[in-house]
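Working notes for the structure below.
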Amino acid sequence: MRVEMTEKAEMTDLTDQELMGLVQAGDYSPAAVLYDRYSTRIYNFAYRFLRNSEAAEDATQEVFVKMLRHAHQFNGEAKLSTWLFSITANLCRDHLRKADNKAKDDEDALLTMPAPAEHSPQHVLETRETERRVREALQKLTPEQREAILLSRYQGLSYAEIAQISGCSEGAVKTRVFRAMETLKKLLTDPVNGDTRCLTAL
Amino acid sequence: MSDCTLIREQMPLLLTESLGSAGREAAHQHIEACASCETEWSKTRETWKLLAEAADRPVPTRVRARFLDEAASMGGAMSRRPVVVPFTRKPVFRRLAQAAAIAVIAGGAYFAGSTRGTTPATGTGMIASASPAPQFRISENARLSADQIAPEIAGSPAISNVRFIDHEGRPGEVGMTFDLTQKVTVTGKATDQSLVNLAAYVLGDSDHPTTSRSNAIQWVRDTYSTGQTADPQIVTALSGVLRNDAHEGVRLKAVETLGSLPAASLGGAAAQARQALIDALQNDPNTNVRLKAVEALANLAAVPDGFDPAAVETLRKKASQNDENPYLRVKAAEALSQMNL
């Protein structure tokens, strides 16, 4: 056990490129470190994109399996995160393309999300209400706009990186983010839309 | 394009600090001088801030475990270079599996021949068929002699983990063992025992991705929810999913599907379904699953001489349980009132 922990500790010091070099050589021991490094970002991107926790779980697992299986395709020119988000975005687009997999509400997420103990019930309710409004607003965007805004706002990627992931020009990314923001502004800050709150199940 | 239009298009770039310093300064100067753009800028920033309030969700730990399991199995496969060797052409004592046309093996080898003279496929996970002479066996392990294998290799089957073995000491004979991934399509009536067995097996295999498990349950619901197709084996499989699946979304589908089954056609299995729902109502940690269990239990509570006492008692307890979700308690009370006890 000590040996394993030492090896893992050493692994965490390696860069993405170095870890991927090991994977490309057929050594999968960096799998856990790479997963721990990126899984939260990948999962949350997929979850916000698809609004379905089951599909997001499957996508997350699939992304990392593909990372191992197709490691030889990673040439190190782009950041590993960019490559992983490319795979994730492709999987999410494929998922939505299937007729029965339209982005769907996953209300149980609200009920099952743990609330930080230090916050008052009022604060927790308000936060959840905001989260609900944001999630609903994101679903009003086209998939292309949603992809662009998720990568820009939540992942902090540059327009050049988003263009690479989405397979379009930087100009197109700029337009998608602008249009997404226009829609979101109307839905989230317009008093008419902002006050349209509906009660969810108790 | 007016200045205002240009500046508004640049607002997202301002937020991400993607504008050059000159452009940024010019944009801010315009915003300070233009009341309309100042309002828009304020809304843009507020929207940007609100987006951040949708906090990240933790990744369920089961995803990591599943991925590492798969990585481990892939690593094993990588350590041995896959080799495909041609099979020696031998006289063929076979006939193609054709009468039932139950299997289409895309990119795989054909298994053929009558059962006479055939070494039966062995291994765990084997699914027995109701057919007296199954021509294609779905099994984890199969042991075949070379003359049972068609000499042609169709397409590019995925063969891995190839090992060469001595054939139990028989002089002049060799053996090889490998993993073969096949695409198999099985068609037939919903009541065909092989399809029922397959559906139950797929439901019970928690190694499948959650989406696949949910889709499997949906298919089972669409297929086995009528009086003509309801099957006790499906009830057993769904009850197992409800008790054991780690994902609440999958359990939710299982509980809904159990509730949709026609109680009158289930015979003794209805009691099994009710017990699984009672267990879920008492023990499942997810509120939505328990809520759906109330509805499902109400649907299945009827027995020939009234209502199942255990189901009624469980609903009563839930209706009066102080630390239970209030909405669930109301639903339990409603279910009881509709029974006109």
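Derivation of every value follows stated rules applied to the coordinates shown; laboratory data play no part. In this text, all values refer to a predicted model and were calculated from it rather than measured experimentally. Ideal geometry is used to build each Cβ from the backbone, glycine not excepted, and the neighbour counts take in all protein chains shown.
Peptide B:38-50 has a mean of 4 when you count, residue by residue, the C-beta atoms of other protein chains within 10 Å of its C-beta. Between A:His72 and A:Lys140, the FRET efficiency estimated from the beta carbon spacing at R0 = 30 angstrom works out to 0.15.
Model label sites at A:Asp27 and B:Ala264, defined 7 Å from Cα along the beta-carbon direction, differ in position by 6.8 nm.
Pairs over the 23 Å Cα-Cα cut-off, from the set A:Lys66/B:Lys253; B:Lys253/B:Lys331; A:Lys98/A:Lys140: A:Lys66/B:Lys253.
Rounded to the nearest 20, the size of the Cβ-charge dipole of segment B:251-341 about its Cα centre is 160 debye, with Lys and Arg at +1 and Asp and Glu at -1.
Length gained on full extension, B:His28 to B:Thr226, computed as 0.36 nm times the residue gap minus the Cα-Cα distance: 64.6 nm. For the peptides B:56-64, A:43-51, A:26-34, B:21-29, the ranking by mean Cβ contacts within 10 Å, running from highest to lowest, is A:43-51, A:26-34, B:56-64, B:21-29. Between A:Glu126 and B:Thr61, the FRET efficiency estimated from the beta carbon spacing at R0 = 35 angstrom works out to 0.75. The string of couplings for segment B:291-306 from the Karplus curve (6.51, -1.76, 1.60, θ = phi - 60°) is 4, 5, 5, 4, 5, 5, 5, 4, 5, 9, 6, 5, 10, x, 9, x Hz, one whole number per residue in order, with x for Gly and Pro. Sorting B:225-231, B:284-290 by their mean Cβ neighbour count within 10 Å, with the most densely packed peptide first, gives B:284-290, B:225-231. The mean count of C-beta atoms from other chains within 10 Å of the C-beta of residues in A:47-58, rounded to a whole number, is 5. As a rough guide to protection, the peptides A:162-174, A:81-93 ranked by mean Cβ packing within 10 Å, highest first, stand as A:81-93, A:162-174.
If R0 is 30 Å, the Cβ-Cβ spacing of B:Asn161 and A:Arg97 corresponds to a FRET efficiency of close to 0.35.
Within 10 Å of the Cβ of each residue in B:314-326, the mean number of Cβ atoms contributed by other protein chains is 0.
Placing pseudo-labels 7 Å out from each Cα toward the beta carbon at B:Ala302 and B:Glu152 gives an inter-label distance of 5.7 nm. Label sites at B:Glu46 and B:Thr236, each approximated as a point 7 angstrom past Cα along Cα to Cβ, lie 6.1 nm apart.
May I ask you to list the aspartates and glutamates whose Cα is less than 14 Å away from that of B:Lys317, ignoring any residue fewer than eight positions away on the same chain? Correct list for B:Lys317: B:Asp279, B:Glu334. Our estimate of slack between A:Ala160 and A:Thr12, defined as 0.36 nm per intervening residue step minus the Cα-Cα distance, is 50.5 nm.
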